[in-house]
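J.: This is the structure I have questions about; it appears just below.
The values are calculated or read from the model by the stated rules, or taken from the named source; none is laboratory data. All values derive from a computational prediction rather than experimental measurement. Using ideal geometry, Cβ is built from the backbone for each residue, glycine included, and neighbour counts are taken over all protein chains shown. Ligands, DNA and RNA are stripped out before the accessible areas are found, and what is left, the full protein with its side chains, is counted by its heavy atoms. Shrake-Rupley method; radii C 1.70, N 1.55, O 1.52, S 1.80 Å.
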Amino acid sequence: MDPAYSKEDDAFRAEVRAFVEANLPPDLAQRGRYDFHPHRDDQAAWTRILADKGWSVPHWPAAYGGPGWNGVQRFIFEDEMRRAYAPTADRIGSELVAPVVYTFGSEEQRQAYLPGIRLGQTFWAQGFSEPGAGSDLSSLRTRAVRDGDHFVVNGQKTWTTEGHHADMIFLLVRTDPNVKPQAGISSLVVDLKTPGITRRPIWTLDEGLTVNEFFFDDVRVPVENLIGQAGQGWTHAKFLLGNERTNSAEVPHTRRDIAQLREIARIERKNGRPLIEDPIFRAKLARIEIDTKSLEIAVLRALTSEGHGSASVASLVKVRGSELRQRVADLAVDALGDRGIAVNVDPHAEYSMVGQADGAGPTPGHGIGIAAKAMFRRATTIYGGANEIQRTLIAKTVLEL
Amino acid sequence: MDFNYTAEQDALRDSVKRFVEREYDWEKRFAIIRSAQGVAPDHWSAFAELGWLGAGLAEDAGGFGGSAVENALIAEELGRGLVTEPFAAHVLATQLLSAIGTDEALALLTELVMAEKRIAPALQEPNGRGDWRIVETHANPPESPPRLTGTKSLVDCAIYADSFMVSARNGKDTNLYLVNANETGVNLHPYRTLDNRHVCDIHLNNAPAQLLATGKHADQAIALAVDHAIVTLCGEALGIMDTALWTTRDYLKVRKQFGTAIGNFQILQHRMADMMIEVEMTRSALFHALGAMDGNDAARAAAVSAAKVQASTGGLFVGQQAIQLHGGIGVTEELNISHHYRRLFVIARQLGDADLHLARFAQATDRVKKADAD
Ligand SMILES: Cc1cc2nc3c(=O)[nH]c(=O)nc-3n(C[C@H](O)[C@H](O)[C@H](O)COP(=O)(O)OP(=O)(O)OC[C@H]3O[C@@H](n4cnc5c(N)ncnc54)[C@H](O)[C@@H]3O)c2cc1C
C-alpha cells in the first residue's frame, strides 16, 4: 500500500512479520523495548533463532551464509525487527567487522571469524578511536610491533561500544611510524582474553553502560590475526565507516520510536483529552513523520541505485538520520509531560550505574527508559563520524567547495 | 531600566561564588548527588546564615530588603556549580507566604528564612503537565480541619520537609493549605529527576490540612509566587548556560585534532557564536522579566513567560551544542558538560515548558494590549 514498496516487497514484509510473530520469545521482546542496552544472552538467543532460518546475517553475500536479499529487503527485514522490539544482533560483528573480513581477509580468517558471528556466538568490538584520535582518526597511536610470530600491541582505545559484551576486538593499529599517517595503519583482530588487556567502563549521561576504554599493555597477538596486508588498515576503516554511516540513518529505529511515541500519546492526557489529539503535539509529530518518510525514501533510493555505498549519500542520511533520532526521543519526553524529567528505572537493566536503589519512577509503564534514551541520543550526532565532519564531507566531495 | 548591580548585589554574588568554589567542587558534588537525599546536610543552614534565604524578600515581608533580582542572581551563581539545593522551591514557598501576608503566613515565612523549618510548595499535579493552574486535588471543607485528597507531583524538598503548601480545589475556588508531613493520609513516593534532584509525588488521602488562603487571594499569591520561582529558574539556567559556554570555549582551545586546536575550525567558531547569542538573549529576557516583577499582572506574566521560553529553548541549544563540541567526552557521566545539559533539560520543563509559556505570553500580551487600548 505504501507506494515506496512493490507487491513483492509487501509479501516479503508479511513473511518476515509472520516469522517474527511465531518465533520471537515474548520476554525478549519485553526487554527489547529498552533496546539500546540489550542483553548479550538475548541477542545471542535471537541470532541463533534467525540463523536456523538463514536470516541472521542479512547483509552478507550468500556464499558466507547471507540470505541473498536485495537492499530493500534488508531494509524491510530490519524494519520488522525493530517494529517487534526484537533484540538487535551484534551489529558491530555482523554489519561492520564481517564485511571487512570477507572482503579483505584470507580464507582462513573467513572460516575462523564468520561462523561465530553468524551464529551469535562471538561478539565484537570496534577499536578505532583513541583519546587523542577521534575525528582525526589517522593520528591514532596504538602501536603493533612485529616480534617473531607475534605483534606486540601497546596503547589505548576508547569509546568502545559494547566492549563489555565483546569477545573480540577489531583494532586499528600503527605498524609503521615512518610513513604518512594513513599508510602506517593496519587492521588487527584481537581476542579480548589475551593477557595485558584491561577494560574500564565509561558511564554515560543516561546512567547506562555502552562504551568502554581498553588498555593494551604488551599484548601479544599472532601475526595471522592481521587482516589483509600491513598498511591497509586505512582502506579497511574507510570501507567499514562507509557501511556504518549508511546504516546509521537508522530509519527502522526511528520508525519504531515514532510508533512508541504514538502509544505514549494515546495513554497520556492533556486537558482531559488524549495527547494524540492535541494540535500542538500533532503538528510536531507530523513534522517528524514527514522527515522520517523523506529519509526512508532517500535510504531506499540509495539501496536500489548503482554505487549505493556512495560516501556522499551515506553522509547525508547519517546527518539527517542522527538528528531525527534526537528529535523523536525528545518529543517522547515531552509527551510524558513534566514527569518526563523523572528517572524511570528500567527493571530489566543489566548494568546500572546507581543500581536499582531508586525504585520506580512516576510513570512506570510507558515512561521507562524514555528520558534515558533522550539523553543517550545526544551521542548519535557524535559517533560514526561527527556531523560536523559529515557536513564537510558533503561540501567537499559532492559540492566540490 | 537600570542594568547595573548595586554594591550589595555584587557582594551577594561574590558570597555565592565563593561558597560554590569552596563547597561544590566536582568531587564534592558527586558525593552529594549520590547521597540519600541528594543534598548536603549542612548547606541549607549555611544558606540561611549567609543571608541568601531572605535576600529576595522585602523587609516588611521578613526579608533583607531585596527583590527578585537577588534571587535570580543567587540562582545564577548556584547554577554555575549545579548546586542541587532546591532554591527555586524556596523562592516559591516564601513568595507564596509573603503574598498570602497573614500573621500566620508571615510567622512561617520567618521560620523559612532562618532555615528553622522547611515547607515544600506542592502545586503541580500529574495531569497538569507542568501547568500549576490545573488543580484536581480537592478539599472537604465542611469538616474541621479541612481534609485534602489528590496527588501532587515533582515536589522538591518533600523528603525532608516539615510540611507542604498545597493548592486544592474547594468548589470553584483554588485555595492554599498547609499539610503536615507526618499526618495520616499523607504518602510520599520519592524518585529522582535527570538532574539528580530527589523529588516526590505526594498522595493525599483525606489528609487533615490548615487553610492558608482562599479564592482570588490564593490565585494572586500563586500567580505572583510562580513568576518569582520562574525568574529564579531562568537565573539558574543563565548561570549554567554561561558556564557551559565558557567551559566549551576553553576546551576548544586545548583539544587538538588534525594538528590544530579545534577552536580554529570556523564551523565551531560560528557554533560558539550562536551559543553566546542564546546566552545573551537569555540574560536580556531575564532582565526584562525582573523589571516587570513589580508591574501589573499581565505585563509581568508576559515578561516572565518570555524569559522562560528563551531560557528553555536557548538552554537546550547551549546544552546540546556544548556536548556536541566536546565530542565523545561530552556524553560522559564524569564530565560536568552532560550534567549542565541534564539540568537545562529539566529547567526547560519545570513550571511549564516553552509551549505552555508561548501560550501564556500570547494571552498575557492580549490583556496588556487591551488595557493599553482602554
Ligand atoms: C556513544 C559512542 C559510541 C562510540 N562507539 C565507538 C566504537 O565502538 N568504536 C570506536 O572506535 N569509536 C567509537 N566512538 C567514538 C566516535 O567515533 C568519536 O567520538 C568521534 O569520532 C568524535 O571524536 P572525539 O570524540 O574525539 O571528538 P573530537 O574529534 O575531539 O571532536 C570534538 C568536536 O570537534 C569537531 N571537529 C573535529 N574536527 C573537526 C573539523 N575538522 N572541522 C569541524 N569540526 C571538527 C567535532 O565535530 C566535534 O564536534 C563512539 C562514540 C560515542 C559517543
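J.: Being open to solvent by less than 20 Å² (accessible area, probe 1.4 Å) and of a type in the set (Gly, Ala, Ser) narrows it down to one of A:Gly54, A:Gly32, so name that one.
T.: A:Gly32
One line per residue, one yes/no per condition, for (1) at positive phi; (2) open to solvent by less than 20 Å² (accessible area, probe 1.4 Å); (3) of a type outside the set (Lys, Arg):
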position: B:Ala11; (1), (2), (3): no, no, yes
position: B:Val16; (1), (2), (3): no, yes, yes
position: B:Arg22; (1), (2), (3): no, no, no
position: B:Glu27; (1), (2), (3): no, no, yes
position: B:Ala36; (1), (2), (3): no, no, yes
position: B:Ala46; (1), (2), (3): no, no, yes
position: B:Leu50; (1), (2), (3): no, no, yes
position: B:Gly63; (1), (2), (3): no, yes, yes
position: B:Ala72; (1), (2), (3): no, yes, yes
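J.: Report yes if some residue within the range B:352-373 is charged (D, E, K, R) and open to solvent by less than 10 Å² (accessible area, probe 1.4 Å); otherwise report no.
T.: There is no residue in the range B:352-373 that is charged (D, E, K, R) and open to solvent by less than 10 Å² (accessible area, probe 1.4 Å).
J.: Among the residues that make up the range B:262-278, is at least one of them under 29 Å from B:Ala223 (Cβ atoms), touching a Leu at 6+ places or on another chain (Cβ under 8 Å) and away from chain A (no Cβ under 13 Å)?
T.: Checked the range B:262-278: no residue is under 29 Å from B:Ala223 (Cβ atoms), touching a Leu at 6+ places or on another chain (Cβ under 8 Å) and away from chain A (no Cβ under 13 Å).
J.: What residue, among those in the range A:141-156 that are touching a residue at least 60 places away in the same chain (Cβ under 8 Å) and open to solvent by 40 Å² or more (accessible area, probe 1.4 Å), is nearest to the ligand (Cβ to nearest atom)?
T.: A:Gln156
J.: Can we say B:Val304 is touching a His at 6+ places or on another chain (Cβ under 9 Å) and over 18 Å from B:Thr193 (Cβ atoms)?
T.: Considered against the rule, which asks whether it is touching a His at 6+ places or on another chain (Cβ under 9 Å) and over 18 Å from B:Thr193 (Cβ atoms), B:Val304 comes out as yes.
J.: Please work out if B:Met275 is within 16 Å of the ligand (Cβ to nearest atom), open to solvent by less than 10 Å² (accessible area, probe 1.4 Å) and not assigned by TED's automatic domain parsing to the domain that holds B:Ala93.
T.: Yes; evaluated as a whole, the condition is true for this residue.
J.: Quick check on the range A:201-217. Is at least one of its residues buried (at least 17 other Cβ atoms within 10 Å of the Cβ), away from every other protein chain (no Cβ under 14 Å) and among the aliphatic types (A, V, I, L, M)?
T.: no
J.: I've got another one for you. If we only count strands (runs of 3 or more DSSP E) wholly inside the range B:95-194, which ones have 3 or more residues that are open to solvent by less than 50 Å² (accessible area, probe 1.4 Å) and over 23 Å from B:Ser67 (Cα atoms)?
T.: B:147-156, B:163-170, B:173-180, B:186-192
J.: Give the range A:181-191 a look and list any residue that's within 16 Å of the ligand (Cβ to nearest atom) and surrounded by fewer than 19 Cβ atoms within 10 Å (Cβ to Cβ), or say none.
T.: A:Pro181, A:Gln182 - these are the residues of the range A:181-191 that are within 16 Å of the ligand (Cβ to nearest atom) and surrounded by fewer than 19 Cβ atoms within 10 Å (Cβ to Cβ).
J.: Separate question: Looking at (1) farther than 20 Å from A:Val101 by Cβ; (2) polar (S, T, N, Q); (3) more than 11 Å from the ligand (Cβ to nearest atom); (4) assigned to a strand (DSSP E or B), which is the only condition A:Asn178 fails?
T.: (4)
J.: State the number of residues belonging to the range A:357-392 that are more than 16 Å from the ligand (Cβ to nearest atom), crowded, with 21+ Cβ neighbours inside 10 Å and part of a helix (DSSP H, G or I).
T.: 3
J.: Right, here's the next one. Check A:Ser138 against each of (1) within 14 Å of chain B (Cβ to nearest Cβ); (2) within 10 Å of the ligand (Cβ to nearest atom) and name the one condition it does not meet.
T.: Going through (1) within 14 Å of chain B (Cβ to nearest Cβ); (2) within 10 Å of the ligand (Cβ to nearest atom) one by one, A:Ser138 breaks only (2).
J.: Still on this structure, please answer the following. Within the range B:280-339, restricting attention to residues that are open to solvent by 10 Å² or more (accessible area, probe 1.4 Å) and among the polar types (S, T, N, Q), which residue is nearest to the ligand (Cβ to nearest atom)?
T.: Looking at the filtered set, the residue picked out is B:Gln324.
J.: Any idea which residue in the range A:157-170 is nearest to the other protein chains (Cβ to nearest Cβ), counting only those that are surrounded by 17 or more Cβ atoms within 10 Å (Cβ to Cβ) and away from the ligand (no atom under 11 Å from the Cβ)?
T.: It comes out as A:His164.
J.: Can you tell me how many residues within the range B:317-329 are more than 7 Å from chain A (Cβ to nearest Cβ) and free of Cβ contacts under 8 Å to residues at least 24 places away in the same chain?
T.: Total meeting the criteria: 1.
J.: Return the total of residues in the range B:318-347 being in a helix (DSSP H, G or I) and more than 19 Å from the chain's Cα centre (by Cα).
T.: 15
To keep it simple, each residue is scored yes or no on (1) open to solvent by 10 Å² or more (accessible area, probe 1.4 Å); (2) touching a residue at least 60 places away in the same chain (Cβ under 8 Å); (3) farther than 20 Å from A:Lys238 by Cα.
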| residue | (1), (2), (3) |
| --- | --- |
| A:Gly65 | yes, no, yes |
| A:Arg74 | yes, yes, yes |
| A:Ile92 | yes, yes, no |
| A:Val100 | no, yes, no |
| A:Glu108 | yes, yes, yes |
| A:Tyr113 | yes, yes, yes |
| A:Leu119 | yes, yes, yes |
